[in-house]
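Here the structure comes first, spelled out in structure tokens, and everything after it is commentary.
Only the coordinates and a few stated rules stand behind these numbers; no lab work does. Quick caveat: nothing in here was measured; it's all calculated off a predicted structure. Glycine gets a Cβ as well: all are built from the backbone with ideal geometry, and neighbour counts include every protein chain shown.
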Amino acid sequence: MTPEEFRQHGRQVVDWIADYLTRVEQYPVLSRSAPGDVRRQLPAHPPEQAEAFEAVMADVERIILPGLTHWQSPNFFAFFPANHSGPSILAELLSAGLGVQGMLWATSPACTELETHMLDWLVEMLQLPASFLSSSAGGGVIQDSASSASLCALLAARERTTQFASNARGVASHLTAYASSQAHSSIEKAMMVAGLGRENLRLIDVDAHWRMRPERLEEAIERDRQQGAQPCLVVATIGTTSSGSVDPVPAVAEICRRYGVWLHVDAAMYGTAALCPEFRELFEGLEYADSYCFNPHKWMFTNFDCDCFYVADRAALIRTLSVLPEYLKNQATQSGAVIDYRDWQIPLGRRFRALKLWFVIRTFGVAGLQAKVREHVQLAQEFARWVESHPALVRVAPVPLNLVTFRHADGDRATQQLLDRINQSGAAYLTHTRLDDRLVIRVCVGQTNTQRLHVQQLWHRIGTLIG
Ligand code: PLP
């Protein structure tokens with residue numbers, strides 16, 4: 001493809017995306033593809049000769065579109081959102097166009113320095129602790145996902161607890177970690193990946209509102225210490241996946257401080273809400289965290305992948321993730337004057353992801369981002385009130401922000417039937433969880449273009465289904 005052809009096809013693709021976003025509401029939100037439907041339409045073998053770009057785009061429309069669940073539909077209320085926006089898409093295109101590999105400062109200084117700057121901007125925007133600033137002993141880095149951030153937090157915690165990187169004996173099987181029974185499954189996975197074993201993750205009981213019970217955490221740590229284990233990491237969650245509950249971070253932090261255990265706080269979706277001063281009380285105690293993560297790729301209009309991961313002291317993280325082969329040695333690294341983000345993550349290579357944060361923050365402005373978040377929260381709270389007022393429905397968990405959980409008063413079968421009917425209609429997509437061993441429907445309001453009308457339409461549909 002010559003630059004001239006690229007210009008022409010690039011315009012076609014941008015037009016196609018703009019059209020897609022205009023018509024996305026017309027499609028069933030949840031894909032109706034059956035297993036194998038997409039592959040059946042693809043040729044068994046790759047083409048020997050070059051094909052026309054138009055032919056490829058025609059197949060996107062014909063084969064790919066029907067096989068999509070439309071995450072950018074304003075009627076997508078499932079899981080947590082993975083929202084995006086025009087500026088974020090364009091920044092991704094620019095990132096691909098520049099094709100920069102930012103593993104070292106020296107391999108593209110702008111890639112590293114813009115990232116450091118964006119992570120510092122976010123400290124100010126979200127009023128995060130000053131210890132997360134790059135000018136302190138800590139700092140922030142973009143990870144691909146909250147799962148990677150939690151794994152890195154675990155590895156840094158292991159390092160601080162055992163000096164793992166310089167410990168020739170290797171794996172420390174006596175290390176234990178703690179998270180509430182409502183914590184995300186990525187914590188369990190991190191334990192598996194790090195070789196610490198899922199059986200060494202203690203799932204701490206929660207209270208009636210699905211928040212970690214600090215006294216149970218302390219009991220578990222005490223018990224493990226008495227049995228010769230070394231407590232290494234506690235993960236507190238601000239916005240659990242199932243119910244949106246918020247662990248009592250100050251009380252958890254106090255226990256971590258007393259026992260010298262690393263505290264990681266996972267605010268994958270709710271983290272964005274700290275943009276608004278009125279929601280910041282949910283983030284109380286963050287100043288005691290050793291590490292923190294949230295996902296602009298969930299609720300800050302920045303397309304996947306973009307997780308912001310902060311540490312209060314970067315020493316353990318870097319020590320445990322640094323290896324420096326000869327071919328990567330360079331003057332800037334050796335001067336100690338630059339950040340090499342390859343030492344802050346598991347892979348070596350990294351994309352220029354800070355561009356999309358830069359574009360989003362500048363084109364929305366902080367006030368624009370706050371307005372969107374407030375609108376989503378207000379819509380979710382309104383939806384929660386409608387649920388509460390309906391005799392056939394039971395709202396399940398408190399709704400501090402944009403996630404509403406409810407069930408049918410007649411039990412699991414009726415709840416499942418309601419969920420299936422909504423999803424089969426194609427008009428909206430909702431997902432489920434289990435709380436107190438009962439099936440629960442989750443409605444998460446967070447898509448970039450979700451407006452009151454969409455939430456009203458959902459409510460209307462629920463109303464006609466339950467009578
Ligand atoms: N933490 C919480 C609370 C989540 O809800 C999720 C996903 O929804 C994750 C972590 C994992 O996020 P990621 O897909 O960025 O790994």
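Give me the pairs: first residue in segment 235-247 and closer than 9 Å to residue 211 by Cα and part of a loop (DSSP other than H, G, I, E, B), second residue among the hydroxyl-bearing types (Ser, Thr, Tyr) and within 8 Å of the ligand (Cβ to nearest atom), beta-carbon distance under 7 Å, and six or more apart or on different chains, which are they?
Once the first residue is closer than 9 Å to residue 211 by Cα and part of a loop (DSSP other than H, G, I, E, B) and sits in segment 235-247, its partners that are among the hydroxyl-bearing types (Ser, Thr, Tyr) and within 8 Å of the ligand (Cβ to nearest atom) give 247/237.
Are there any pairs with C-beta distances below 9 angstrom linking a residue in segment 260-283 that is under 18 Å from residue 234 (Cα atoms) to a residue that is within 15 Å of the ligand (Cβ to nearest atom) and among the acidic types (Asp, Glu), with the two at least 6 apart or on different chains, and if so which?
Filtered contacts from segment 260-283: 265/247; 268/307.
Taking only segment 269-308 into account, find how many residues are closer than 30 Å to residue 225 by Cβ and aliphatic (A, V, I, L, M).
2
If you go through segment 231-273 one residue at a time, how many are within 15 Å of the ligand (Cβ to nearest atom) and of a type in the set (Lys, Arg)?
0
Only residues in segment 74-85 that are more than 19 Å from residue 384 (Cβ to Cβ) and of a type in the set (S, T, N, Q) count as the first member; pair them with residues that are part of a loop (DSSP other than H, G, I, E, B) and away from the ligand (no atom under 14 Å from the Cβ), Cβ under 8 angstrom, at least 6 apart or cross-chain, and list the lot.
If the second residue must be part of a loop (DSSP other than H, G, I, E, B) and away from the ligand (no atom under 14 Å from the Cβ), the pairs left are 83/72; 83/301; 83/447; 83/448; 85/301; 85/448.
Within segment 279-333, track down each residue that is assigned to a strand (DSSP E or B) and either away from the ligand (no atom under 16 Å from the Cβ) or surrounded by fewer than 24 Cβ atoms within 10 Å (Cβ to Cβ) (or both).
Result: 311, single match.
Taking residue 158 and the conditions (1) more than 16 Å from the ligand (Cβ to nearest atom); (2) on the phi > 0 side of the Ramachandran plot; (3) touching a strand residue (DSSP E or B) at 6+ places or on another chain (Cβ under 9 Å), which numbered condition does it fall short on, given that it satisfies the others?
(2)
Before we move on, is residue 276 within 19 Å of the chain's Cα centre (by Cα) and either more than 16 Å from the ligand (Cβ to nearest atom) or of a type in the set (Lys, Arg) (or both)?
yes
For segment 190-208: of the residues being outside any helix (DSSP H, G or I) and within 16 Å of the ligand (Cβ to nearest atom), which is farthest from residue 244 (Cα to Cα)?
This residue is 194.
Restricting attention to segment 342-356, which residues are loosely packed, with under 15 Cβ neighbours inside 10 Å and without any contact (Cβ under 8 Å) to a residue 60 or more places away in the chain?
Result: 347, single match.
Could we say that residue 187 is among the hydrophobic types (A, V, I, L, M, F, W, C), touching an Asp or Glu at 6+ places or on another chain (Cβ under 7 Å) and surrounded by 22 or more Cβ atoms within 10 Å (Cβ to Cβ) here?
For residue 187, the condition - among the hydrophobic types (A, V, I, L, M, F, W, C), touching an Asp or Glu at 6+ places or on another chain (Cβ under 7 Å) and surrounded by 22 or more Cβ atoms within 10 Å (Cβ to Cβ) - is not met.
Given the conditions (1) over 25 Å from residue 72 (Cα atoms); (2) in contact with a Cys (Cβ under 7 Å, 6 or more places away or on another chain); (3) of a type in the set (A, V, I, L, M, F, W, C), which single one is not true for residue 409?
(2)
Here are some residues: 32, 7, 11, 62. Which one is surrounded by fewer than 15 Cβ atoms within 10 Å (Cβ to Cβ) and under 30 Å from residue 434 (Cα atoms)?
Unique residue meeting the criteria: 32.
Across segment 180-189, what is the number of residues that are near the ligand (Cβ under 10 Å from one of its atoms) and either touching a strand residue (DSSP E or B) at 6+ places or on another chain (Cβ under 6 Å) or assigned to a helix (DSSP H, G or I) (or both)?
The number of residues fulfilling the criteria is 6.
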